[in-house]
Amino acid sequence: MSFQKAAEELNVTPSALSYQIRQLEDFLQIQLFERLNRSVALTDSGRRLEPGTRDAFEQLHDAVSRVRSVVPGNVLTVTTGPAFAAKWLTPRLHGFLERHPEIDIRISASLKLADFHRDEVDVGIRFGSGNYPSLHCETLTEESAVPLVSPRVVQQFGGVFSMENLKDVLLIHDDSAAFMPNSVNWETWLRRAGIKDIDSTRGPRFSHADHAIDAAIDGTGIVLGRTACAMRDILSGRLIAPFDLMIPSLANFYFVCLPAALQMPKVQAFRAFVFEEASRDRVEFERFRPTENR
């Protein structure tokens with residue numbers, strides 16, 4: 001309901017878009033929009049025309065996507081957040097490239113959500129609630145939050161890190177999930193652990209999960225880390241989970257794409273690979289997860 005935004009999407013001027021709409025209304029001899037002071041609204045005729053028009057454009061887009069999938073130079077563009085790209089996806093890419101040397105992969109690491117209808121993107125891996133209308137969406141990883149600390153820090157406390165030691169180290173905050181309502185943070189974890197004498201707000205804050213995890217690896221303090229991004233560092237011994245309490249996150253990582261993209265061989269190959277990797281992670285996670293948290 002904005003001629004200005006529609007013009008931006010179509011890469012034309014607002015006046016050019018208004019002219020085209022007037023031409024359409026003249027051709028149909030029907031008014032499609034009510035021009036208000038600072039906005040526009042569909043007329044009854046416009047509302048009747050809109051569903052079929054939208055479906056026609058989506059079918060055209062899907063047809064073009066299928067044609068692109070067989071164009072020589074099989075480029076696969078994947079969009080995801082910087083932390084997931086750095087900690088989960090990039091370290092595994094060699095396996096995908098060895099299996100599919102015919103696919104030329106591009107990783108777009110950004111917190112900005114790509115528009116699959118406008119941007120040259122094939123697949124997205126998004127962190128959130130999973131509510132992505134018009135997209136095919138599958139849960140890739142289920143997240144939990146757990147305190148993680150460097151073995152070097154543990155050695156400073158004689159090789160054993162207890163709840164009492166929390167007051168003597170910095171709490172590292174991963175704020176990357178703070179956009180989610182009721183996201184798990186240090187206040188949540190300390191309350192669940194029954195600890196009341198520690199200020200849950202103290203310590204450095206990071207907007208990217210990988211930066212918070214790397215700070216813990218370097219011995220800055222203890223981070224409340226998310227398992228998907230931290231699992232490789234846990235399994236390699238760079239980080240230790242000193243406590244049993246692990247809290248499920250309200251947000252997970254999701255594999256998303258346009259429904260028509262699932263027919264593309266390159267998307268099918270990438271989907272199979274990442275879900276295989278995620279399944280392997282779940283097996284490792286079950287070995288790592290404390291018994292009392294099951």
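Read the figures in this text as sums done on the coordinates, not as results from a lab. From a predicted model like this one, the values you see are computed outputs, not experimental measurements. Note that each Cβ is placed from the backbone with ideal geometry, even for glycine, and that neighbours are counted across all protein chains shown.
Here are some notes:
- For the chain, the percent of C-alpha pairs falling in each 10 Å distance bin, counted from 0 to the bin holding the largest distance, reads 5, 23, 25, 19, 14, 9, 4, 1, 0.
- Of all lysines in the structure, those lying under 19 Å Cα to Cα from residue 87, and not within fewer than 8 positions of it along the same chain, are 112.
- Residue 93/residue 34 FRET efficiency (R0 51 Å; Cβ-Cβ; nearest 0.05): 0.50
- When the chain is treated as a Gaussian network with alpha carbon springs shorter than 10 Å, the biggest mean-square fluctuation among 64, 274, 154 belongs to 64.
- Bridge type composition, the range 1-136 - antiparallel percent by DSSP, nearest 5: 25 percent
- Largest GNM mean-square fluctuation among 32, 239, 190, using the chain with Cα springs under 10 Å: 32.
- Helix-only [θ]222 nm of the chain, DSSP H runs n ≥ 4, -39500 (n - 2.57) each, per residue, nearest 500: -12000 deg cm²/dmol
- Modelled FRET efficiency - R0 22 Å, residue 154 with residue 178, Cβ distances, 0.05 increments: 0.20
- Only Lys, Arg (+1) and Asp, Glu (-1) charged, at Cβ; the chain dipole about Cα centre in debye: 160 debye
- Look at the dipole of the range 3-68 built from charges on Cβ: of 53, 7, 30, the Cα furthest out on the positive end belongs to 7.
- Each residue of the range 37-53 was assigned a 3J(HN,Hα) from its phi angle through the Karplus curve 6.51 cos²θ - 1.76 cosθ + 1.60 (θ = phi - 60°); the sequence is 4, 10, 7, 10, 9, 6, 7, 4, 5, x, 5, 6, 7, 4, x, x, 5 Hz, with glycine and proline shown as x.
- Volume of the convex hull of the range 144-250 (Cα atoms only), normalised per residue: 90 Å³.
- Secondary structure note: in the chain, about 60% of the DSSP beta bridges are antiparallel.
- Of the trypsin sites (Lys or Arg not before Pro) found in the range 172-260, the ones in coil according to DSSP and having at most 11 other Cβ atoms within 10 Å of their Cβ are 196.
- DSSP finds beta bridges in the range 144-250, and of those with both partners inside it, around 65 percent are antiparallel.
- Mean projected area of the convex hull spanned by the Cα atoms of the range 121-204, taken over all viewing directions: 7.9 nm².
- Lysines with Cα under 26 Å of residue 196, excluding same-chain neighbours fewer than 8 positions away: 167
- Residue with peak Gaussian network fluctuation, the chain [Cα springs, cutoff 10 Å], from 14, 151, 101: 14
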